[in-house]
Structures are given as C-alpha cells and as structure tokens.
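The structure appears right after this line, and notes come after that.
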Amino acid sequence: MKNHTGILLLLFFGVLMGALDISIVGPAIPSIGEALNVPEKQLTWIFSIYILFSLIGISFMAKLSDLFGRRWIYIIALIIFGIGSLVVSLSDNITWLLAGRSIQGFGAAGIFPIASAVIGDIFPVEKRGRALGLIGAVFGIAFIIGPFIAGFMLMYFSWNVLFLINIPIVIVLIIASAFLLPTKPVAEATKIDWTGMVMIAIILGAFAVAINLIDADNLERMGKWPILPLILVVLILTPLMIMLEYSNKAPVFNVRLFNSPQIRLVGFIAFGIGLFQSAIVFLPSFSVLTFGVDPSSASFMLLPVVFIAAVGSPVSGRLVDRVGSRAVIVFGLLVATVAFYLLSLMGEDLSLFYISGGLLGLGLSMRAALNYIMLNEVGAEERASTQGILIIFISVGHLSGAAIIGVITASSWGAAMGFSYAFLGMAGLSLILFISSFFLKSRKAELKIEN
C-alpha cells in the first residue's frame with residue numbers, strides 16, 4: 001500500500017467521528033431532555049448505551065475483519081454507524097433515541113479496533129508508533145472540540161442536527177474506504193465462533209449494566225435485583241467462557257494469547273489505564289467541591305488534561321519508534337503516579353490542580369505504546385482481535401474505576417477525603433504498574449520481530 005497518508009487520514013476521521021459522538025452528548029443532553037420530555041435519570045443512558053454496545057460488538061467486528069478483510073468490515077461498520085445516526089436524528093421519543101445510540105455504538109465497535117489493525121498491516125514495525133500515536137490523539141482532540149462544536153451548533157440548530165451531520169461524513173468515508181483500504185483477509189476462513197461471541201456479549205453487557213446501576217448513595221442495592229443477578233452472571237460465565245475459548249481452534253477471544261507474559265502485562269496495564277481515565281471523569285466534581293466553581297466552569301478546567309493528552313499522543317508515538325514501547329510506558333506511568341499523588345494531597349491549591357492535570361494528561365498519552373505491543377506480539381490474522389481485546393480491558397477498567405471512585409466518595413469519610421483516598425489509591429496502582437512495566441521487552445527485542 002503506497003497511499004499511507006490517505007489511509008491514515010481516512011482512519012483518523014473515522015475514529016474522530018466515533019469519538020465525537022461520545023463527547024458531543026454532554027452539552028446536548030439538556031436540549032434532548034427538554035425536547036423529548038425525558039427524566040434526568042434516563043438521560044444518562046444516552047451515553048452509557050453507546051459505550052455498552054460498542055463494548056459488546058468489539059470482539060465480533062474485530063474477528064470478522066481478520067477473517068473477511070479490513071475494507072468490507074470497516075465499510076459495514078460505517079454503514080451501521082450511519083444508520084444509527086439517522087435513527088437518533090429522527091427520534092421523537094427516548095426509545096428510538098436509545099435504539100439509535102445502540103446501533104451507533106455497535107458500528108463504532110468496528111471502527112476503533114480496525115483502525116489500529118490496518119496500521120499494523122501497512123506499516124513496518126519501526127514506523128508503527130507514530131501512526132498509532134496519531135490515532136491515539138483523536139480521543140483527546142474529540143473531547144477538546146466536541147463540547148465546543150455541540151455548543152456552537154445548538155445555538156443555531158436543534159439537537160437532531162448533531163447526529164444528522166454524520167450521514168454525509170459516513171458517505172465520504174465509505175467511498176474513500178472502497179478505494180484505499182486493503183481487501184485481502186489476513187486469517188484463514190473458519191467457522192465463526194458464535195458461542196464465544198454470544199458469551200462475551202452477555203458477560204460484558206451484564207457487567208456494564210450492573211456497574212451503571214450501582215448507586216453510591218444506596219449501596220444496599222448491590223445485593224438485590226437486578227445488580228446481584230447480573231454480577232452472578234459475570235462470575236459464572238467468565239470462567240466457562242475462558243474454558244470454551246481455550247479449547248476452540250478459532251476463538252473470537254483467543255485466551256491462549258495470555259500465555260505470553262508480554263500480553264498479560266499489557267492487559268494489566270490497560271486495565272489500569274482504564275481506571276485512571278475514569279478518575280478524569282470525576283475531576284469536574286472534585287473542582288466544584290474543592291474550589292467552589294460552577295459545573296460548567298469545572299468542565300473547562302479539564303482542558304490541560306485533554307489538551308496535553310492530545311498533543312502528547314503523537315509525540316509518544318514517535319518516541320515509540322525511536323526508543324521503544326517500554327521506555328514510553330515506564331515514563332508515562334511514572335508521570336501518572338506523580339500526578340495522582342499530587343492530587344491526593346493538593347488541598348485548595350489551584351495551580352497545583354492544573355499542574356497535576358497536565359501531568360495526568362501526559363502520563364495517559366502513552367496508550368499508543370500498548371497498541372504497538374499488541375500488534376507486534378501477534379500475527380496479521382490476530383491484529384484486529386487483539387486490538388479489540390485491548391479496548392475491552394481499558395473499558396472494563398474505566399467502568400470499574402467509575403464505580404469504585406463513586407463508592408469511595410460517597411463513603412462515611414465524606415466526598416473531600418474520599419477523593420483524596422481514591423487518588424492516593426490510583427497513585428499506588430500506578431506505582432505497581434510502573435515497576436511491572438520494566439519487565440516489558442526492550443527496543444532491541446521489539447525490532448527482532450518480523451514485520
């Protein structure tokens with residue numbers, strides 16, 4: 001493939017579109033609630049159901065792209081996303097709105113992992129880092145520009161237009177994909193592991209719904225319907241799924257990959273990264289409590305985090321190509337440890353809050369190095385699947401972190417002390433991951449891997 005720049009732009013804007021449909025929802029929620037007359041508690045599902053179906057569909061869409069080629073599954077994912085956008089934009093009640101967001105999320109499940117897999121297909125090992133860093137920067141960019149785009153458009157248009165605008169973008173991306181993306185399957189055609197796909201969907205769905213239903217102010221609900229049965233489903237089906245997938249010759253979730261110490265360690269770090277990202281979600285609440293600012297101003301106080309993460313991702317990607325993934329991950333986790341420790345004892349020092357936020361954004365910008373390792377540790381036939389696995393670990397960490405921090409801040413210690421303990425716990429975990437990351441492969445060992 002000669003047109004690497006064109007492919008990167010295609011992947012960049014595809015991922016950006018999917019990421020923007022997460023970040024634009026926040027500013028639009030009040031308008032949606034007013035227009036559709038929806039209670040506030042139901043409105044949170046506009047965000048959650050998108051993430052849920054993205055999580056459910058990732059293994060399925062990623063495996064299909066390994067079996068049938070990147071181009072066609074990426075195009076199908078775009079079509080699904082476009083249909084979901086159309087359903088959302090035409091919705092006149094919450095039921096159709098959530099149905100559309102579910103379809104959007106399922107489409108996004110194909111867009112995100114395939115983007116990283118294509119980079120593994122077309123770039124040699126010594127040049128993958130910078131491309132992955134560019135794709136990694138997309139989420140930071142989306143969370144910077146998304147609220148501004150939504151706020152500006154809502155001044156002149158109804159909320160429906162935020163989603164209707166996806167349709168022409170999807171059409172352009174489909175046409176570009178038909179010309180640019182590779183078509184050759186990278187894995188031998190096999191019988192699709194429908195049992196594994198269904199089990200993974202049930203496990204992840206049950207886990208996400210249970211976490212979303214946890215009420216930090218009413219923890220006794222955790223032992224009651226429907227949270228307890230959902231947790232039991234996860235606990236019972238997970239070991240069963242692992243046994244079935246281990247014995248399957250062509251599993252959708254290849255648990256044999258975790259025989260590799262490198263992949264086990266990356267999974268552990270990815271789960272930690274998800275936990276750290278969940279802490280960022282609570283920084284506006286922390287700002288309101290600590291500095292007495294209003295919620296809208298508190299959201300803007302996150303700009304140092306997302307801006308530095310957006311700038312740091314492509315830089316860290318280039319550093320991966322020069323010094324290797326281990327050095328980038330070690331540095332990122334060290335910086336994240338310092339950031340969380342400063343947050344845990346910050347008090348009311350506003351300048352220290354911004355410094356800590358900037359350090360946190362810098363520390364989390366090393367995610368491209370994790371994608372890089374996963375691409376290098378498997379053959380072409382597993383690239384999209386392993387990117388899906390990586391996203392699952394990060395997402396499970398994100399969901400778990402949100403629940404844990406919510407419970408800690410609602411504890412008898414009080415919210416202020418709860419935040420301090422939560423950030424200190426994150427610092428401790430980051431320190432453990434920092435020490436563990438020294439066991440990753442050196443740059444010299446990485447370059448021995450065949451392209």
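Is it the case that some residue within region 179-187 is assigned to a helix (DSSP H, G or I), assigned by TED's automatic domain parsing to the domain that holds S102, modelled with pLDDT of 85 or more and touching a helix residue (DSSP H, G or I) at 6+ places or on another chain (Cβ under 6 Å)? Scanning region 179-187 turns up at least one residue that is assigned to a helix (DSSP H, G or I), assigned by TED's automatic domain parsing to the domain that holds S102, modelled with pLDDT of 85 or more and touching a helix residue (DSSP H, G or I) at 6+ places or on another chain (Cβ under 6 Å).
Of all the criteria given as (1) among the hydrophobic types (A, V, I, L, M, F, W, C); (2) under 26 Å from Q277 (Cβ atoms); (3) assigned to a loop (DSSP other than H, G, I, E, B), the one not satisfied by A206 is (3).
Residues checked against (1) β-branched (V, I, T); (2) closer than 26 Å to S287 by Cα:
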| position | (1), (2) |
| --- | --- |
| L350 | no, yes |
| E377 | no, no |
| I389 | yes, no |
| I392 | yes, no |
| I405 | yes, yes |
| S437 | no, no |
| S442 | no, no |
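Candidates are the residues of region 34-51 that are within 19 Å of the chain's Cα centre (by Cα) and surrounded by fewer than 24 Cβ atoms within 10 Å (Cβ to Cβ); the one that is modelled with the lowest pLDDT is T44. The set of residues in region 323-336 that are surrounded by fewer than 22 Cβ atoms within 10 Å (Cβ to Cβ) and in contact (Cβ under 8 Å) with a residue 60 or more places away in the chain comprises V323, R326, A327, V330, L334.
Scanning region 277-300 for residues that are among the aromatic types (F, W, Y), more than 23 Å from M366 (Cβ to Cβ) and surrounded by 17 or more Cβ atoms within 10 Å (Cβ to Cβ) yields one hit, F286. Within region 156-173, the set of residues being over 20 Å from Y74 (Cα atoms) and assigned to a loop (DSSP other than H, G, I, E, B) comprises F157, S158, W159, N160.
The helices (runs of 4 or more DSSP H) located wholly in region 263-356 that include 2 or more residues which are under 21 Å from S430 (Cα atoms) and small (G, A, S) occupy 303-323, 325-344. Restrict the check to region 83-102 and report whether at least one residue is β-branched (V, I, T), in contact with a Ser or Thr (Cβ under 7 Å, 6 or more places away or on another chain) and buried (at least 23 other Cβ atoms within 10 Å of the Cβ). No. Report, by residue number, each residue of region 235-265 that is in contact with an Asp or Glu (Cβ under 8 Å, 6 or more places away or on another chain) and among the β-branched types (V, I, T). Across region 235-265, the qualifying residues are V252, V255, I263. Checking the structure you have, find out if any residue of region 168-182 is more than 20 Å from G33 (Cα to Cα), surrounded by 15 or more Cβ atoms within 10 Å (Cβ to Cβ), of a type in the set (A, V, I, L, M, F, W, C) and over 24 Å from the mean Cα position of the chain (by Cα). Yes - at least one qualifying residue is present in region 168-182.
Is it the case that region 301-312 has a residue that's crowded, with 22+ Cβ neighbours inside 10 Å, within 20 Å of K127 (Cβ to Cβ) and either aromatic (F, W, Y) or touching a residue at least 24 places away in the same chain (Cβ under 8 Å) (or both)? Taking every residue of region 301-312 in turn, at least one turns out to be crowded, with 22+ Cβ neighbours inside 10 Å, within 20 Å of K127 (Cβ to Cβ) and either aromatic (F, W, Y) or touching a residue at least 24 places away in the same chain (Cβ under 8 Å) (or both).
The values are calculated or read from the model by the stated rules, or taken from the named source; none is laboratory data. Because the structure is a prediction, the values reported are computed rather than measured. Cβ atoms come from the backbone with ideal geometry, glycine included; neighbour counts cover every protein chain shown.
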